[in-house]
Amino acid sequence: MDTVRIALGGSRRSHGARAVVTGAGSGIGRAFALELAARGGEVVCADIDKDRADETVRLIERTHGGAAYAFFCDVAERADVERLAAYADEVFGGPPSLVVNNAGVGIGGKPVGEIGFGDWEWALGINLWGVVHGCEIFAPRLRAAGRGGIVNVASPAGFAAAPGMAVYNTSKAAVLSLSETMAAELAGSGVAVTVLCPTFVKTNVVADGRITSGPSQLADSLMRWTGFSPERVVRGALDAHDHGRLYVLPQLDARLVWQLKRTFPATYTQALGLLNRFLPQSDSANSLQKTGA
C-alpha cells in the first residue's frame with residue numbers, strides 16, 4: 001500500500017509520526033496534536049502555557065490512548081527551542097519525524113508609525129523568530145535522518161497585505177518565504193516542507209493577541225460565522241503534506257486573494273486602500289499576550 005502511494009506522489013509521513021507541535025495548548029496547534037495522535041503518532045505538545053499543554057496531553061490519552069508529552073516552550077527564546085529539541089530526542093529515542101511550527105499570536109489595528117517597537121518585537125519574536133528557531137534547530141536533525149517533514153503555519157496575511165495589519169502581515173510573509181526557500185533546499189533529501197495559510201479559523205488567537213477593539217470585534221465575528229474548524233484545517237494540511245504539497249490554502253477566500261493579487265497587483269492595492277476607509281478603527285488595545293494560534 002505504501003509503495004502504491006509513493007508511486008502516486010503520496011506518502012504516510014503524518015501517520016505514526018514522532019511529532020513536535022508548538023502552540024499545542026489550543027486552537028490549530030491542539031488540533032494538530034490530536035490528529036497526529038489519531039493517526040498513530042507520538043506527540044510532544046509544546047506551549048508557553050504548560051497547563052494548556054497538559055490539557056492537550058490528557059485529551060490525547062483519553063481519546064486516542066497514544067503517547068503524548070507536555071513541554072513548556074517560549075518559541076521566541078532560542079534556548080527554549082533547543083531544550084525542546086533535546087527533550088524530543090530523549091522521549092523519541094532519536095529525532096522527530098515531523099515538526100509543526102504553529103505557535104503564533106494575532107496583532108493588528110494600528111497603521112505603521114503608530115504600532116510601537118514593543119509590539120513589533122513581541123509579535124515578530126513569536127510569529128517569525130519562533131518559526132526560524134524551529135526550522136534552524138530541527139531541520140538539520142531531519143536532514144541527517146533522511147526523512148520527515150516540517151509544517152509551518154503562516155497565513156494569507158502574508159500575501160494579502162491588509163491595512164492595519166503590518167506586523168502580522170510581515171511575520172507571516174517571512175514564514176511563507178522561509179518555507180519556500182526550505183522546500184528548495186530540502187528537495188531530494190527525504191524531508192518535505194508544507195506551509196499552511198488558513199484565513200478565519202475558530203480559535204482563540206484574537207482573544208489572546210493584541211488587536212485593537214474595532215478590528216478585534218470584526219475578526220471575532222468573521223471567525224465565528226465564516227471560520228473553519230481547526231480540525232478541518234489540520235486534516236487537510238496533513239493530507240496535503242503527505243502528498244508533498246508546499247502550499248495549503250484551505251479556504252476559497254484565500255485562494256481568490258492569491259490569484260487576484262498576482263493577476264491585478266496595482267488594482268488590488270488600490271482596492272485595499274478604498275476598503276481601509278471603511279474598516280473599523282480603534283485606539284484601545286487588548287493587552288493579553290499569550291501564544292498558541
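The values are calculated or read from the model by the stated rules, or taken from the named source; none is laboratory data. From a predicted model like this one, the values you see are computed outputs, not experimental measurements. Note that each Cβ is placed from the backbone with ideal geometry, even for glycine, and that neighbours are counted across all protein chains shown. Side chains included, ligands, DNA and RNA excluded: accessible areas come from the protein's heavy atoms. Shrake-Rupley method; radii C 1.70, N 1.55, O 1.52, S 1.80 Å.
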(request) Convert each backbone phi in segment 190-195 into a coupling constant with the Karplus relation 6.51 cos²θ - 1.76 cosθ + 1.60 (shift: θ = phi - 60°), then list the ³J(HN,Hα) values in order as whole Hz, x for Gly and Pro. (result) x, 10, 9, 10, 10, 10
(request) Convert each backbone phi in segment 108-124 into a coupling constant with the Karplus relation 6.51 cos²θ - 1.76 cosθ + 1.60 (shift: θ = phi - 60°), then list the ³J(HN,Hα) values in order as whole Hz, x for Gly and Pro. (result) x, x, 10, x, 4, x, 10, 6, x, 5, x, 5, 4, 5, 5, 6, 5
(request) Please report, as a whole percent, how much of the solvent-accessible surface of segment 12-159 comes from carbon and sulfur atoms (probe radius 1.4 Å). (result) 50 percent
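Using 0.36 nm per residue, how much length does the chain from Ala86 to Val112 gain when fully extended, once their Cα-Cα distance is taken away?
The span from Ala86 to Val112 would gain 5.5 nm if fully extended.
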(message) Can you list residues from other chains, or at least 5 along the same chain, whose modelled amide H is less than 5 Å from the amide H of Gly108?
(response) Arg210, Ile211, Thr212
(message) I'd like to know which of Gly41, Phe138, Ala123 lies farthest towards the positive end of the charge dipole of segment 11-165, counting +1 on Cβ of Lys and Arg and -1 on Cβ of Asp and Glu.
(response) Gly41
(message) Before I look further, what does segment 42-194 give for accessible area per residue, probe 1.4 Å, in whole square angstrom?
(response) 39 Å²
